[in-house]
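What follows is a set of notes on a single structure, which appears directly below.
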Amino acid sequence: MTNTWNCKFLRKINDYVYLFNIEKHKQLKNKILKNIKATPFTKINNVYKTDWEIDHYLERKYWDQNVQEIFNNCTSFIKKDLYGDIEFNTFLHNYWFHIYNKNSEFKWHTHDKTNFSGIYYINLPDKKYRTEFLGLKTEAQEGNILIFPAFLAHRSPINKSIKNKTVLAFNFSLGYRNLGSS
């Protein structure tokens, strides 16, 4: 079977920050946005809409087989790059969406209890609204996925555009967990 939703590696920004492009993003974008719109949401901090505080057992249709395939492809690349042929598992901890309308933002923060975080830029009205990092410049644009160590301080700058910025974000860890032995 052909890889429908190819997560194309673009470049490493440093040893542990990866930038990917979703080659068929334009075909997937409207479906994701429609499914986000159908998902319950709240407002936290100064984020216009998010499902971060919504029951995590609730189905999130935007994280469908297509998005899961993209996630699997990107994380498989990272595992191979970091560990070669050593087989480690991928543990997806959580995922959520953020919609930033005019004047919304997310202040400096990190993600605890996870190794990596990722951002899939669904809508990005202008490159100046991409995620900012302390001491690190990225070249992310709409249709890209940026994966980085979760301890890196980052923020979403104030969206001054009348167009929404929409991202899917996720946290995951790589490692070995032997659950069956004593």
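The values are calculated or read from the model by the stated rules, or taken from the named source; none is laboratory data. What you are looking at is a predicted structure, and each value in this text was computed from that prediction instead of being measured. FYI the Cβ positions are ideal-geometry reconstructions off the backbone, even for glycines, and counts take in every protein chain you see. Areas reflect the complete protein model, heavy atoms only, side chains present, ligands, DNA and RNA absent. Shrake-Rupley method; radii C 1.70, N 1.55, O 1.52, S 1.80 Å.
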For a 19 Å ceiling on Cα separation, which of these pairs sit above it: K12/K107; K43/K127; K128/K160; K26/K160; K49/K102? K12/K107; K43/K127; K26/K160
Using packing as a proxy for protection, rank 160-171, 74-85 so that the peptide with the highest average count of other Cβ atoms within 10 Å comes first. 160-171, 74-85
Running a GNM on the chain with Cα contacts under 10 Å, which residue among H154, H111, H56 ends up with the highest mean-square fluctuation? H56
For segment 1-122, what does the accessible surface come to per residue with a 1.4 Å probe? Please give it in Å². 59
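Kindly state, to the nearest 0.05, the FRET efficiency for K102 paired with R155, given R0 = 22 Å and r defined as their beta-carbon distance.
Working: r = 17 Å, r/R0 = 0.78.
According to the calculation, E is roughly 0.80.
Can you give me the relative contact order of segment 46-151 as a percent, contacts being Cα pairs under 8 Å and 6 or more apart?
Details: 81 pairs, mean separation 34.4, N = 106.
In percent, rounded to a whole number, it is 32.
Figure the gain on full extension for N89 and L174 (residue separation times 0.36 nm, minus the Cα-Cα span) and round it to one decimal in nm.
Values: separation 85, 0.36 × 85 = 30.60 nm, distance 0.57 nm.
My answer for the length gained is 30.0 nm.
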From Cα coordinates alone, what are the radius of gyration and Dmax values for the chain in angstrom? 16.1, 57
Over the chain, what percent of the accessible surface lies on carbon and sulfur atoms, probe 1.4 Å? 49
So, in Å, what gap is there between the alpha-carbon centers of segment 140-168 and segment 50-104? 14
Contour excess over end-to-end distance, with Cα ends at L134 and I162 and 0.36 nm allotted per residue: 7.4 nm
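By how many nm would the segment from F9 to Q27 grow when fully extended, if each residue of separation counts as 0.36 nm and the alpha-carbon distance is taken off?
Values: separation 18, 0.36 × 18 = 6.48 nm, distance 1.89 nm.
Contour length minus Cα-Cα distance gives 4.6 nm.
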Angle in degrees between helix 25-37 and the longest Cα principal axis of the chain, rounded to the nearest 10: 70
Quick calc: nm separation of the 7 Å Cα→Cβ label points for K37 and Y57 -> 3.0
